[in-house]
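Contents: one structure, followed by commentary.
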Amino acid sequence: MAMKIGEKPFFDRVDDALDDTFMRQSMANAQDGLRGKKIAATEGDEAIGDWEDWRSAGEEIRRHTLENLDYYLEQLSENFAKRGGHVFFAETAEEANAYIQQVAKKKNAKNATKAKSMVTEEIGLNEALADVGCQVHETDLAEYILQAEEGDRPSHIVVPSLHKNKSQIRDTLKEKAGYSGTDQPEELTAFARSQLRDVFMNADIGITGCNFGVAETGSVSLVTNEGNANMVTSYPETQISVMGMERLVPTWEDLDVMVNLLSRSAVGQKITTYVTNVTPEVGPQSVDGPKDFHLVIVDGGRSKALGTEFQSALHCIRCAACVNVCPVYRHIGGHAYGSIYQGPIGAVLSPILGGYEEYGELPYASSLCAACTEACPVKIPLHEQLIRHRQIYVEEGYADKSEQAAMTAFGIGASTPSLFKIATKGAPTFAKPFVQEGSISNGPGPMKLWTKIREFPAPGKENFRKWFKEHKKGDSRNE
Amino acid sequence: MKISLFVTCLGELFYQEAAKDMVEVLERLGCEIDFPRGQICCGQPAYNSGYRKDAQKAAKQMISAFESSEYIVTPSGSCAGMFKEYPGLFQDDATWHEKAQKVADKTYEFTQFIVNVLGVEDLGAVYHAKATYHTSCHMMRLLKETESPFKLLNNVEGLELLPLENSYDCCGFGGTFAVKMVPISEQMVDEKVRHVEETGADVLITADGGCLMNIKGRIDRKGKPIAVKHIAQILNSRS
Amino acid sequence: MSKGTIHNRDKFLSHIADRLGRERKTDVSRPDWEYQPQWAVYQEKTSDELCALFNENSEEKGTLVLETTMDQLAETVEYVMKTYGGSPMVATDDGRFAEFGLTDVFDENDVHIWDAELGERNIEKAKQANIGFLFSDVSLAESGTIAQFNDRNIARSVSLLPTTYAAIIPRSTIVPRMTQVTARIHKQVEEGENISPYINFITGPSNSADIEMNMVVGVHGPVKAVHIVILDA
Ligand code: SF4
């Protein structure tokens, strides 16, 4: 299923979303709740000093890491392999999947457990493993719910099931998993816990993403609240961690800063309940640790951003703070973006990874209010990158021809004072036929789109320049 | 103090009353105002839609118009914010970049200029109404101006300023976004109007022509009895 | 673990260097960061204040905090055993239990001590246990977090599988925040030591807010947590 969600065109997806009242209400509630929590744990927490300094620290670390990405990836892989791990560099999703399939086949694996990971969603790993007879069990509660629903997709990078309410969840689990309880979250959660306990123990492979790789030791750092990352990395004989190639830090000291930024920005916690750091084991093996540990490092189009203005998009730590403040996401939810990466970062990232043909409209799904840029813990100038995408979209000729013509006319108009003068003078006369009670309800041409939902102001009758001239004259007379 | 008025295209075409009020307020504060005739539009519609070249044309026009000004003052946080983007438009052109930087550095939004440059917070205004204030995104986040409008409004006699729920959310204007993404923009402005209504205010005040046009357009379309005013209109009021 | 392998690296990294518009880099030194706000956090706090913060933050996450002294530790541990369901119980294979005089209580109450030689049976024991006992290696005041450097003896299953985890926290292990732990690990690395394969930071019982953003405690890890803070250790 990979990165793309749904087959419908963008505006149809938007219409579907706008019709879904529950979904929209839960997005708004989630945003309002998370915003308060996040602010309390960031700007609002005096104990950590100035949050802006933390953001700058995060940006500094991420920038340096990306600028020297080849070096740190080499270090990471070297250290991982030195301790007995296997590293596979995959340029594409297909390469990553093929490698993982091969590992599964070699182990004759039938069952795998997985902790939540967006990059495995992105490459469509579950389907790839199913193809070789290995079933992947999602263990993050939200992902577990989506998986039960067969074909449901994430609508939020941190809480993938945000669009589902508890009675929908109850019905799904009833139908697909034999659940017979109420729609109380406690009861639903307890059911998932009991269902998954044995699944954890019996899995042949444990799959995780990677919140941060630590180059200096070859460690994989995982951030969760449920404890599923611990379960997934403890009991299966084989562990496979899949990492977007940009998701690493040089040292443990840097990990500290990033985990703090992530925990506080994503969920308003000082630290998530679990920060689980796994490094291939040297010496005699633990009973509760993997015997075989693979790290799959995926490009998947990320390198297209390197060396461009979009490089800083790779600084992203997937905290969803930008999603949680986005007024567009608030109303259309995640699925309307048509990508597993939604909200502002989704609108920046999806066209980079998946191209303009597929995702070129997403950068326009923003009013450029810059709430995202303000929220981002690593200071990615998201709204500027959205504008940059629009520029490329236009330069590469994707934009609508009539819009192009209108903008050319705008350019001429806005740089030719004499034309503008004629326009301002002519506006009241020109608009006259459309004016009713001081405003325009049904405008001509491009104004039609405006007046579909709002009144358009009637041009003022007076000419401001003339007024100003007269006014100044009055001034000098007074002197 | 000598200042140049950048009235903005929306101000010139639609909100002349607000523009006049702004002129009067500034004059009362002892400013000597001129109106550079070459000014047109800051180019934001083109810039935000991805038409960088066309935006550059508009920018050059504006830079030339305001080059020799001492201070540039405008009744729109968003348009002031666009002036601040100018240097970025000319990264490959040293001459224009330098000019753009100079223009950007001396540009102020109206309330920002009064409070931060002139150091005045009480304009002796009188306006009897229950009102709420819409903080425009660009003023708040690009210009980082969050306090000046409130400082000035808090000193308006007779004005009861009510807090606006979710004040930080965008009203759905976003320039061409309002016509490109009509269904989404509609939901955004509806939520904004709902929150405004919930305050019980009779007047919504804002310091941005774009937001004003959008929110007022929706309020009027829905026939709600709420007036929408530019902040200059309040600050110049004496009754 | 088997001998490590690396596949496809050269081509992959050369492509990155290409995109970055330069040659491959083989030597990079990490700069002295301009911003390092982490060090200042709680620097001025006394150890009493840090301890109080640790307790407060533990409680905020629903963890029971019991303050005790070396003299009364065994008693406190027994109290925890009674309160949280008693046998079956497990503990890590950690010399500190003997040092802290807990051998007898563990014996008397039939606590299974993790024994790497017993293999999978340990996991069964831990799964069935009501309580898992362990030591916190470093404890974070900022968030009420315990940190464990796990290995085959100090097994992570003990804090993960039982219904309740009970961590023993000598007051001297309390530091301001994660910064002090990661600095220690970083130093270890610089001195050429191998780090623990499983470094776990745990802050109270497992939980989730995935269903309509309602906080539910007890998902895949423990449902309850106890922090036994020894004031004079
Ligand atoms: S872009 Fe920034 S705010 Fe958005 S998910 Fe990434 S790190 Fe978080």
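Every number here is computed from the coordinates shown, using simple stated rules; none is lab data. Treat the numbers as computed from the prediction; the structure is a model and nothing was measured. Neighbour counts are summed over all protein chains in view; Cβ atoms, including those assigned to glycine, are modelled from backbone coordinates with ideal geometry.
Going by C-beta contacts inside 10 Å, put B:Cys211, A:Cys376 in order with the fewest on the left. Could the numbers behind the result be given before it?
Numbers: B:Cys211 29, A:Cys376 26.
Taking fewest neighbouring Cβ atoms as first place, the list is A:Cys376, B:Cys211.
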Using the Karplus curve 6.51 cos²θ - 1.76 cosθ + 1.60 with θ = phi - 60°, what ³J(HN,Hα) values do you get for each residue of segment C:32-42, in whole Hz, with x for Gly and Pro? 7, 4, 5, 10, 9, x, 5, 6, 7, 5, 6
Where a ≥ b ≥ c are root eigenvalues of the Cα gyration tensor, a/c under 1.5 meaning rounded, otherwise prolate if a/b exceeds b/c and oblate otherwise, chain B counts as oblate
Taking every DSSP bridge whose two residues both lie in the protein assembly as shown, the antiparallel percent to the nearest 5 is 25 percent
Global geometry of segment A:10-129, whether rounded, prolate or oblate, following the gyration tensor of its Cα atoms and the 1.5 cut on a/c: oblate
On each of the three principal axes of the Cα atoms of chain A, give max minus min coordinate, whole Å, ordered largest first. 96, 51, 46
Order of B:Val182, A:Val296 under a 10 Å beta carbon neighbour criterion, fewest first: B:Val182, A:Val296
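Quick one: of A:Lys38/A:Lys401; A:Lys401/A:Lys425; A:Lys466/B:Lys84; A:Lys4/B:Lys53; A:Lys448/B:Lys99; A:Lys82/C:Lys224, which pairs are farther than 31 Å apart, Cα to Cα?
Numbers: A:Lys38/A:Lys401 43 Å; A:Lys401/A:Lys425 29 Å; A:Lys466/B:Lys84 29 Å; A:Lys4/B:Lys53 33 Å; A:Lys448/B:Lys99 38 Å; A:Lys82/C:Lys224 38 Å.
Correct reply: A:Lys38/A:Lys401; A:Lys4/B:Lys53; A:Lys448/B:Lys99; A:Lys82/C:Lys224.
Charges at C-beta only: +1 for Lys and Arg, -1 for Asp and Glu. How large is the resulting dipole of chain C about its Cα centre, in Debye rounded to 20? Let's see the in-between values first.
On the way: 22 positive and 36 negative charges, 250 e Å.
Computed about the Cα centre, the dipole is about 1200 debye.
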Note, segment C:150-162: 3J(HN,Hα) by Karplus (6.51, -1.76, 1.60, θ = phi - 60°), whole Hz, Gly/Pro = x, goes 7, 8, 5, 9, 8, 7, 6, 4, 5, 8, 9, 8, x
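Report, in cubic angstrom per residue, the convex hull volume of the C-alpha atoms of the protein assembly as shown. Mind dumping the intermediate values first?
Values: hull volume 164.2 nm³, N = 951.
Here the figure is 173 Å³ per residue.
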Shape call for segment C:44-230, from the Cα gyration tensor axes a ≥ b ≥ c (a/c under 1.5 means rounded, otherwise prolate when a/b beats b/c, else oblate), comes out rounded
Listed by chain and number, the residues whose amide H is under 5 Å from that of A:Gly244, excluding neighbours fewer than 5 places away on the same chain and using placed H, are A:Cys210, A:Val298
With Cβ to Cβ distances under 14 Å as the rule, what net charge do the other residues near A:Lys421 carry (K, R +1; D, E -1)? +4
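Give, rounded to the nearest 20 debye, the magnitude of the charge dipole that the protein assembly as shown has about its Cα centre when Lys and Arg contribute +1 at Cβ and Asp and Glu contribute -1 at Cβ. Kindly include the intermediate steps, with their values, before the conclusion.
On the way: 99 positive and 134 negative charges, 772 e Å.
Using only the charged Cβ atoms, the result is roughly 3700 debye.
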Residue among A:Trp467, B:Thr176, A:Ile39 farthest towards the positive dipole end of the protein assembly as shown, charges placed on Cβ: A:Trp467
Residues with beta-carbon under 14 Å from that of C:Thr68, excluding C:Thr68: net charge, scoring Lys, Arg +1 and Asp, Glu -1? -4
Describe numerically, in nm with one decimal, the distance between label points set 7 Å from Cα along Cα→Cβ at A:Tyr398 and at A:Asp198. 4.9 nm
Work out the length of the dipole vector of segment B:2-116 about its Cα centre, built from +1 on the beta-carbon of each Lys and Arg and -1 on the beta-carbon of each Asp and Glu, and round it to the nearest 20 debye. 280 debye
Ordering C:75-87, B:104-116 by per-residue average of other C-beta atoms within 10 angstrom, highest first, gives B:104-116, C:75-87
Putting +1 on Lys and Arg Cβ atoms and -1 on Asp and Glu Cβ atoms, find which of A:Ile440, A:Ser366, A:Leu386 reaches farthest to the positive end of the dipole of segment A:348-479. A:Ile440
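Quick one, what does Rg over Rh come out to for segment A:417-478 if you take C-alpha atoms and the Kirkwood Rh? Don't jump to the answer; show the numbers that get you there.
Numbers: Rg = 15.1 Å, Rh = 13.3 Å.
The Rg/Rh ratio comes out at 1.14.
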Within 10 Å of each Cβ in B:129-139, how many Cβ atoms from other chains are there, averaged over the peptide? 1
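State the antiparallel share, in %, of DSSP beta bridges confined to segment B:121-235, rounding to the nearest 5. Intermediate values should be presented prior to the final figure.
Numbers: 0 of 13 bridges.
Counting only bridges with both partners in segment B:121-235, antiparallel ones make up about 0 percent.
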A:Thr21/A:Asn442 FRET efficiency (R0 30 Å; Cβ-Cβ; nearest 0.05): 0.55
Taking amide hydrogens as modeled 1.01 Å from N in the peptide plane, which residues meet the under 5 Å criterion relative to C:Thr145, leaving out close sequence neighbours? C:Leu140
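Could you tally the net charge around C:Ile195, taking each other residue with its Cβ under 13 Å from the Cβ of C:Ile195, Lys/Arg +1 and Asp/Glu -1? The partial results should precede the final answer.
Working: positive: A:Lys82, A:Arg83, C:Arg184, C:Lys187; negative: A:Glu216, A:Glu281, C:Asp137, C:Asp151, C:Glu190, C:Glu191, C:Glu193.
Residues close to C:Ile195 contribute a combined charge of -3.
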Other-chain or far-sequence residues with amide H under 5 Å of A:Gln135's (modelled H): A:Asn111, A:Ala112
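Could you list A:Met258, A:Met447 in order of exposure, starting from the residue whose Cβ has the fewest other Cβ atoms within 10 Å? Could you put the intermediate results ahead of the total?
Details: A:Met258 26, A:Met447 15.
Ranked by crowding around the Cβ, least crowded first: A:Met447, A:Met258.
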Calculated from backbone phi, Karplus (6.51, -1.76, 1.60) coupling profile of segment A:114-124 in Hz, x at Gly/Pro: 9, 8, 4, 7, 6, 5, 6, 5, 4, 8, x
